[in-house]
Each structure stands twice: as structure tokens, then as C-alpha cells.
């Protein structure tokens, strides 16, 4: 693995976990628009071409108790290698092989000297879009917040 | 014994061509797109994902289109597709406490931390047909984004059961085995433990689980449920990535979770406590999640030291082996397929019995 050594004391891999999560959860089209220029200039070879499979999602009884199998979700994964030898992985919800390919490419590039550029041109816009979408949904939900009043049952 | 038939290829092909034609309908009416089904028939899509036991809204929408809106047929298509997928792994148990809630209500506490959030609900509608939807015209502008400006950030929404539990008023959830049983990998076994029951209920037929839940409310295994909390929203799905050696979030799914607060257990040594039922289902599927929680609670009679009243909803084998609509419809619908040889033998048997019944006297006289 070619994890760039960082001086941070944050849990190891925390940064990479964050960008991989962002890449997996972003809209495929948005990522494609941002990653297309990089994809043309950074050729790669496959270690594992994109494959679609199922992941069994688990829950917990009562939300906190015994784990149980809830049901599966579709996931696409792939691994690729840049010309310099850096390896990128992707595990992405759904069956979009292009989405997985772009995610793995960005994962690889984030471990190279291009990291700062990629962060600014790809990750930052994705992060901003995700935060906006989340905030909009949350504030829409907040408009439906309700205060119930218990009616007094008077006898007299 | 079933004996296969052959022949009829041409008729079958023609029937399937006609099916495709009927599916498309009159050509002067615009064809439905998968995106339209996914977004405008979202609750049908959710049901197909939940009972198909595969979270993929596009595939569920495709299945609904292909099945001409027959949801059980669509679920069948999803189940069949599911079996072709290699199993990549399993997720960490999702953290529903950290759900980004679209909806979160409690029927037990009026002023709960985080508040009551109605979300996009049918509740409090008048159930009158809206003829505005019948008139095809320009649709309303999307969203009321103006009204959402300046709203405070959403408050954290702790579980109702957590703050009930702080006073010890509700039973603790017990940890279970590290690897829960998986009915998609091993045949069902009885007695089924709670993780196995929850898996089967979550993918069970909504109508069947609803009927079973309703039976408990009407007195067949009554357990006095309150909806302690119902929440709908998105949660992240995280799994261990073997080639990396750490866990990564691989996506986000919408879930409906229902926790019921039910009547007490207690004994000479332990004070009375509320008990729990639990429902967790893919998508926005609240009728199913509430039903699941009631049936889960009814099936816990033994571990909670309750009497077996002989109610159907207390019988795990009965409930779980009839909850799956694909198993049910497979066995039910197969009886319409050719059984000619099978029936021929029965026909001959009946004729023989009748012949014997009509000749006993003459035989006896010989």
C-alpha cells in the first residue's frame, strides 16, 4: 500500500476513509463531470476490473442489540494502478461501473503528488454539494416539526 | 408427482410477445421511464426493495415496469436477480441512532429531545381524491426552498428507548452472536432466534405481516404496543474492505425504523419494566415497519416468560414460513401449470372407486 505518510495524529487512514466515503456516496454524474479531465491524463491498468456484487446490510435488534441481516444492497468494486504504481480502490453503492472507476482513480491520485489539486478540483466540490443537499433536506424536515398540545378534558 | 410436458413453443412465444405489447399499452401514450417510476412511484419501489431484499432503486423500478405494476411479480424478478450477485461481504450493523431523519415521531412522548418531525407523510390528509392530479397541466414548482432558509440546524435525535432506559424503565437489548444467521445462506431452522426472525420479517410480505400484527391488536396474542418511536431517513453503510484493512462507508440507504414500547414483564425479584418490539425495513415503509415491530414482540413471548395463548402471531414457525410472498406465490401459482399426468392418475382412481362401489352386490352374489 502506498499510503502517503502524514504528520497528523488523527487515526491512521481517517483521511482516506473520508474521501472514499465521499466518492462512494456522491452522485455518479457529478463525479464523472469532475473526474473526466483527470481520467484522460492519468492512464491506469486494472488490478480488478469493475465487478457488481451484493453486500449484506446488517442492523441491530432495537437499534442497539443483537446484529441481524437486514437485506442486501448492490455494490460495484474495482482496483486500479496508475503508471507510477499507486493503487486505488473503490467500493461504491449501485451498479455503475463508471462511478466505481472514477472513485478508484481519485483514490489513487489522492495518494500521489497530485493530491492537493485533486482535493481542490474534485473532493471539495463534491463535499460542498453533499453538505448543501443534506442541509436542504434537513431544513425541509425542520419545517414539518410539530408541537402537539394535549387537550384538557374538563368535566365541569 | 409432477410430470413435465413439452411443446407449445410457438404459442408461448406469441403469448410473451403479446405480454410485451400489453405492457407498453397504446402507443399514443408516452412510455414510462425508469426514472419516473423510481421518483414518482417511490413507495412501490421501496416495497419491492424491502421484500425483494435488495436495495437498488433503479432495479426495483425496472422490475415494476417489467411486471406491469404487479409488485409480487416485481419482487420475484428482484429475488431472481439477487441470486446471481456474488456476495462481496457484509456491512457493519447500521447506526440508526445517527440517522439523518426525514421523519421522526413518537406516540409516547409529546416533547421529546429533537422534536416531532412529520416529514412527507399521508397522516392528517383527508383521504379525498385530489382531482388536481387528474388534470394534466403544469406541475407545481419543486420544493418550498424559500421557506427552509434560515432554519436552525437540526437538533440531535436521541432514541426514545435510550432515555426511557436511563431510568431502567425498559428492558435492555441483549447482544447476540457476532455472526447472525442468514436465511439466504442456510435453510430456515426452528426454533428461530430473534436475529433470524427479524431478517425473515423484514423481507416478509407487507400484507401478511400487517395481518399478523393486526391479529395481535384484536386479541390474538395481545401485547399492548405504543409506537415509542418511528423514524425514517438515511444512514451510512460501512463495511470492512479486506484489501485495505479498515472500514469505509460504501453508500447511504433510506430505512424506516419502528420501536414499540409494550407492556411489562416483572417478577418477585425484578421490578416491572416495559418491553420492546422492533421493526427495520428498507425504504420509506412505515406500515410494514410498525407491523414488523408488533409481530417481533408477539414472537418474543417465550423469552419474556409470557403464556403461549395459541395465537397465530406467537407461532414462529407458522409466521415465518408463510411470510415470504415469493415462496407462497411460487407454490400457489404452480398448481395452474399442466398437471395432466398427475390428474390422470387421480381420475383413474376415482373411476375405479366408483366402479367398485356400484358392483359390490353382483360381486357378493358370485
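Coordinate-derived values only; no laboratory data. In this text the structure is predicted, and so the values were computed from the model without any measurement. Here the Cβ positions follow ideal geometry from the backbone for every residue, glycine too, while neighbour counts run over all protein chains shown.
Any number yet on Rg/Rh for chain B, C-alpha, Kirkwood?
Ratio of gyration radius to Kirkwood radius for chain B: 1.06.
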Measure nothing but the geometry: give the 0 to 90° angle between the long axis through the Cα atoms of B:340-358 and the longest principal axis through the Cα atoms of chain B, rounded to 10°. 50 degrees
Summing -39500 (n - 2.57) over the DSSP H runs of n ≥ 4 in chain B and dividing by its residue number, what mean residue ellipticity at 222 nm do you reach, to the nearest 500 deg cm²/dmol? -11500 deg cm²/dmol
Rounded to the nearest 0.05, what FRET efficiency do residue A:127 and residue A:84 have when you use their Cβ-Cβ distance and R0 = 35 Å? 0.85
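With a Förster radius of 60 Å, plug the Cβ-Cβ distance of residue B:356 and residue B:304 into 1/(1 + (r/R0)^6) and report the FRET value to the nearest 0.05.
Details: r = 57 Å, r/R0 = 0.95.
E(calc), rounded to 0.05, equals 0.60.
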Cα centroid of segment A:67-113 to Cα centroid of segment B:209-243, whole Å: 33 Å
Residues in segment A:16-54 near a label at residue B:243, defined as backbone nitrogen under 14 Å from the 7 Å Cα→Cβ point? A:44-53
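In deg cm²/dmol and to the nearest 500, what is the mean residue ellipticity at 222 nm of chain A if only DSSP H runs of at least 4 residues count, each as -39500 (n - 2.57), divided by the residue total? Write down the numbers at each step before the final one.
Working: 5 runs with 62 residues, N = 156.
So the helix-based figure for chain A works out to -12500 deg cm²/dmol.
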Would you mind pulling out the separation of the Cα centroids of segment B:184-200 and segment B:18-60, in Å? 30 Å
Quick calc, residue B:36 & residue B:252: beta-carbon distance into FRET formula, R0 22 Å, rounding 0.05, result 0.45
Those residues of segment A:91-106 whose amide nitrogen sits under 11 Å from the label point placed on residue A:41, 7 Å along Cα→Cβ: none
Would you mind calculating the relative contact order of chain B from Cα pairs under 8 angstrom and at least 6 residues apart, reporting the percent as a whole number? 18 percent
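Based on the alpha-carbon gyration tensor of segment B:9-82 and its eigenvalue square roots a ≥ b ≥ c, which shape applies: rounded if a/c is under 1.5, prolate if not and a/b is larger than b/c, or oblate?
Since a/c reaches 1.5 but b/c is at least a/b, the shape of segment B:9-82 is classed as oblate.
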Extension reserve of the residue B:318-residue B:172 stretch, reckoned as 0.36 nm per residue once the Cα distance is removed: 49.8 nm
